[in-house]
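*Asks:* Supplied in structure tokens, the structure appears directly below.
FYI, it's all coordinate maths here, none of it is from the lab. The structure presented is a predicted model; accordingly, all values stated were derived computationally and were not measured. Quick reminder, even Gly has a Cβ in these numbers, built from the backbone with ideal geometry, and neighbours come from all protein chains shown.
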Amino acid sequence: MPVVLRVTGLDELRASLVASIGRADELTRVATVTGLGLIETSIKEQLRKSSHQKGTPTPAAPGQPPSLITGNLMRSMALRGPVGGDGRYAGAVGPTAVYSRIQELGGVCGRNRTVRLPTRPYVTPGAEEAIPKVHATFIAAWSGIFA
């Protein structure tokens, strides 16, 4: 005698899965916004490690973040995004001050390119320091998909 198996609730399962896709997308977008904010905060913390008065020598050693003078570099931090959708979001965070890149990477500048600035990384260390917090943000967000 053949065994008859009757499955019920497939419409409900389908509806639940469709709803979870929408929740996953929204939670991913929110986690992306939060993650960008965590990175921004961490970069700004790098820039608060030391300070000095304008016109005085910097106490920041080469390889350390630049010392805070006016706060312009810190205030120039800008967030873009998130952009995307369907569970794939991207964003960016970084400084917009014209001298931000040479502070991070070092190089030659000044009149007749006579001044050599050492590297004073702050974006990369700040972003790297934030990665565990960003990771935890996504894990927490995604744990709410099926809640």
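*Asks:* Scan (1) closer than 16 Å to Glu104 by Cα; (2) surrounded by 15 or more Cβ atoms within 10 Å (Cβ to Cβ) for the single condition Arg23 breaks and write down its number.
*Replies:* Only one criterion in (1) closer than 16 Å to Glu104 by Cα; (2) surrounded by 15 or more Cβ atoms within 10 Å (Cβ to Cβ) is unmet by Arg23, namely (1).
*Asks:* Considering only residues that are more than 15 Å from Thr137 (Cα to Cα), assigned to a helix (DSSP H, G or I) and in contact (Cβ under 8 Å) with a residue 24 or more places away in the chain, which ones fall in region 22-52?
*Replies:* Hits for region 22-52 are Arg23, Ile43, Lys44, Glu45, Gln46, Leu47.
*Asks:* Then there is this: Looking at (1) part of a helix (DSSP H, G or I); (2) aliphatic (A, V, I, L, M); (3) more than 19 Å from Thr32 (Cα to Cα), which one does Ala61 not meet, given that it meets all the others?
*Replies:* Unmet for Ala61, out of (1) part of a helix (DSSP H, G or I); (2) aliphatic (A, V, I, L, M); (3) more than 19 Å from Thr32 (Cα to Cα): (1).
*Asks:* Still on this structure, I have one more. Any idea how many residues of region 102-125 are among the β-branched types (Val, Ile, Thr) and surrounded by 14 or more Cβ atoms within 10 Å (Cβ to Cβ)?
*Replies:* Count: 3.
*Asks:* Scan region 36-64 for residues that are within 13 Å of the chain's Cα centre (by Cα) and not acidic (Asp, Glu) and report the count.
*Replies:* Summing the residues that are within 13 Å of the chain's Cα centre (by Cα) and not acidic (Asp, Glu) in region 36-64 gives 8.
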